[in-house]
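In what follows, a single structure is set out as structure tokens and then discussed.
The values are calculated or read from the model by the stated rules, or taken from the named source; none is laboratory data. What you are looking at is a predicted structure, and each value in this text was computed from that prediction instead of being measured. Heads up, the Cβs are rebuilt from the backbone with ideal geometry, glycines too, and the neighbour counts pull from every protein chain shown. All accessible areas refer to the heavy atoms of the entire protein, side chains included, with ligands and DNA or RNA removed. Shrake-Rupley method; radii C 1.70, N 1.55, O 1.52, S 1.80 Å.
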Amino acid sequence: MYISTRGNYEKVTASQAVKLGMVPTGGLFVPETIPEINMDELYKIEGDLYQEVAKRILKLYLDDYTQEEIDDCVKNAYNAANFDHRSMAPVVKLKEGTYILELWHGPTAAFKDMALQIMPYFLSKAIGKVNSEKEVVILVATSGDTGKAALEGFKNVPGIKIIVFFPHNGVSKVQELQMTTTDGNNTYVVAVKGNFDDCQSAVKEIFADGKFKKILAEQGYELSSANSINWGRLLPQIIYYFTAYLELVKNGEVVPGEKINFVVPTGNFGNILAGWYALKMGLPVHRLICASNENKVLTDFFNTGVYDSNREFIQTNSPSMDILISSNLERFLFEITGHHWKKINQWMGDLKTTGKFIVDQETKDAIDRILTGGFATEEETLATIKKVFENEGYTLDTHTAVAVKVHDQYVQNTGDKTKTVIDSTASPFKFNSSVLEAIEGKEAVQGKDEFAVVEELSKLSGMPIHRALKDLDKKPVLHKTVCAKDEIKKAVEDILGIK
Ligand SMILES: *Cc1c(COP(=O)(O)O)cnc(C)c1O
């Protein structure tokens, strides 16, 4: 069963948690207990590792789904039509003891596909179980990548409408075009004159607005979420922490039981939290390293115990991590305090009213035992892309480069030589201008349009252009709505035809 991080709601089943998206009275659903998994059983898996591990892990959490239903979800999501690599998420050796986990082989070239290719199937099956007549409206706030991944996952799914809000001028050109050229009879994309935090806060407010939800219900609609506030989005991300480890064991890089580190380029804290759940389930993990860009609210929090979002929001060259209010930290704090929902209410209340909260020493110590934070500047990010390209012949995207840099700093500061997997969250093609600039200098990108840059990057890196970017410049822009940041609710009303 799933419980609220704020102690303010009844227990619900997995399918209800997936369908509700977040706790209707505020707060996030987490599993009441974390299931353990037998590593020895996983070492024995032969054949399609990703799919087999997925089936087992998902079943442990989605216990009101049958194994057949889960197998069906896995088969529909993790296959050769959706992912251009046999392993779904291959592990590449960067240098001795350091590995890159490529999470961007799905249809939209970012790691969001790992979850959003399967989540629509969870939701469709949940709708069947919960026995609802209503049409489900998925509200999505995106810093750039979730939007397209969710649109692809949910487009033309019967009984579902999807509305995506993204920061106007706050995403890369590729990200914007990917979203605004989406077809499908149930997709809506709105640019918001504000930043990601504005989008996310407005969406969360709508979820907590009982009056509005009642009006929606009268019109035959109910809300759900495809953001990582939805457990159904977080859950599939646990899978690749296991498969990465198992691949390293299979390749003789680590011995069974040997603890490794993971470095995760972080924004909303969903990906790294999935790594923490993997650890709690029994994956041999030494430390989790949380990598941020100059919006380093998390780095400061892990260093000081003070979470302070009262600071300038900086647009960086790793835009998918430009976030000051990191939603899934709430889940992590709830877990790390032993489900102390009173503390969570206090902290989240403080965050809402003052933009800031301070955790007690006991909580800070509990976090310190497993997690380290670090950040990289934009210049460091570009320098890292260049260095890795020249030394290792590997092309990083900006987000992954942040993680590589933070890992270098971590090793310097601590001397920790533990073998390390770095989550690679996007294909370099998705942030092509920054990547090409990093390797060849500003002149190489000046005056060139995005698609000339993509071509050049392909030649330089020797990588085929990711299929998500092919012909993007030739597709018609179908979504042109722009709204003010305080008009998000109105935009929902307009789209659904509610007066
Ligand atoms: C979403 C995203 C992130 C941040 O992931 P969280 O789960 O929000 O921490 C990092 N990199 C890329 C490329 C992303 O799309």
- Task: Would you be able to tell me the number of residues in segment 22-45 that are touching a residue at least 40 places away in the same chain (Cβ under 8 Å) and assigned to a loop (DSSP other than H, G, I, E, B)?
- Result: 12
- Query: In segment 157-191, how many residues are under 26 Å from residue 126 (Cβ atoms) and in a helix (DSSP H, G or I)?
  - Reply: 1
- Message: Quick check on segment 297-320: of everything there that is within 17 Å of the chain's Cα centre (by Cα) and open to solvent by 10 Å² or more (accessible area, probe 1.4 Å), which residue is nearest to the ligand (Cβ to nearest atom)?
- Response: 320
- Tally the residues that are surrounded by 24 or more Cβ atoms within 10 Å (Cβ to Cβ) and away from the ligand (no atom under 16 Å from the Cβ), restricting the search to segment 245-279. 1
- Task: Quick one: in segment 81-116, of everything that is away from the ligand (no atom under 14 Å from the Cβ) and free of Cβ contacts under 8 Å to residues at least 60 places away in the same chain, which residue is surrounded by the most Cβ atoms within 10 Å (Cβ to Cβ)?
- Result: 83
- Message: Among the listed residues 253, 218, 247, identify the single one that is acidic (Asp, Glu) and closer than 22 Å to residue 112 by Cα.
- Response: 247
- Task: Determine the pairs where a residue that is free of Cβ contacts under 8 Å to residues at least 60 places away in the same chain, located within segment 313-336, has a partner that is more than 9 Å from the ligand (Cβ to nearest atom) and among the acidic types (Asp, Glu) with Cβ atoms under 6 Å apart, the partner being 6 or more residues away or on another chain.
- Result: 314/294
- Go through the residues of segment 455-471 one by one and say whether even a single one is on the phi > 0 side of the Ramachandran plot and outside any strand (DSSP E or B). yes
- Query: If you take the residues of segment 1-44 that are open to solvent by 10 Å² or more (accessible area, probe 1.4 Å) and aromatic (Phe, Trp, Tyr), which of them is farthest from residue 229 (Cα to Cα)?
  - Reply: 43
- Task: Inspect segment 374-388 for any residue being in contact with a Pro (Cβ under 8 Å, 6 or more places away or on another chain) and under 21 Å from residue 313 (Cβ atoms) and give the result as yes or no.
- Result: no
- Within segment 210-227, tally of residues that are open to solvent by 10 Å² or more (accessible area, probe 1.4 Å) and hydroxyl-bearing (Ser, Thr, Tyr): 1
- Within segment 392-416, how many residues are within 14 Å of the ligand (Cβ to nearest atom) and among the β-branched types (Val, Ile, Thr)? 5
- Message: Within segment 464-481, does at least one residue satisfy the condition of being touching a strand residue (DSSP E or B) at 6+ places or on another chain (Cβ under 9 Å), of a type in the set (Lys, Arg) and exposed (fewer than 11 other Cβ atoms within 10 Å of the Cβ)?
- Response: yes
- Query: Of all helices (runs of 4 or more DSSP H) completely enclosed by segment 46-136, which ones contain at least 1 residues that are at pLDDT 95 or above and under 30 Å from residue 408 (Cβ atoms)?
  - Reply: 49-61, 112-116
- Item | Residue that is nearest to the chain's Cα centre (by Cα) [pool: residues in segment 186-195 that are farther than 15 Å from residue 136 by Cβ and open to solvent by 10 Å² or more (accessible area, probe 1.4 Å)] | 195
- Item | Matching entry among 277, 307 (being touching an Asp or Glu at 6+ places or on another chain (Cβ under 9 Å), under 28 Å from residue 93 (Cβ atoms) and aromatic (Phe, Trp, Tyr)) | 277
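Which residues, counting only those in segment 365-383, are surrounded by 17 or more Cβ atoms within 10 Å (Cβ to Cβ), of a type in the set (A, V, I, L, M) and not in a loop (DSSP other than H, G, I, E, B)?
Result: 366, 367, 371, 382.
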- In segment 143-156, what residues are outside any helix (DSSP H, G or I) and open to solvent by 10 Å² or more (accessible area, probe 1.4 Å)? 143, 155, 156
- Task: State whether one or more residues within segment 212-224 are under 28 Å from residue 100 (Cβ atoms) and small (Gly, Ala, Ser).
- Result: no
- Here are some conditions: (1) within 21 Å of residue 144 (Cβ to Cβ); (2) free of Cβ contacts under 8 Å to residues at least 12 places away in the same chain. Residue 490 meets all but one. Which one does it not meet? (1)
- Query: Is at least one residue of segment 393-412 open to solvent by 50 Å² or more (accessible area, probe 1.4 Å), without any contact (Cβ under 8 Å) to a residue 40 or more places away in the chain and not in a helix (DSSP H, G or I)?
  - Reply: yes
- Message: Which numbered condition in (1) open to solvent by 10 Å² or more (accessible area, probe 1.4 Å); (2) at pLDDT 95 or above; (3) not acidic (Asp, Glu) is the only one that residue 293 fails?
- Response: (1)
- Message: With among the basic types (Lys, Arg), within 16 Å of the ligand (Cβ to nearest atom) and either within 21 Å of residue 459 (Cβ to Cβ) or open to solvent by 50 Å² or more (accessible area, probe 1.4 Å) (or both) as the only criterion, which of 386, 442, 419, 430 stands out?
- Response: 430
- Query: For residue 140, which of the numbered conditions (1) within 16 Å of the ligand (Cβ to nearest atom); (2) in a loop (DSSP other than H, G, I, E, B) fails to hold?
  - Reply: (2)
- Out of segment 192-244, which residues are away from the ligand (no atom under 14 Å from the Cβ), part of a strand (DSSP E or B) and touching a Gly at 6+ places or on another chain (Cβ under 8 Å)? 223, 224
- Task: Would you tally the residues in segment 339-369 being touching a residue at least 60 places away in the same chain (Cβ under 8 Å) and of a type in the set (A, V, I, L, M, F, W, C)?
- Result: 4
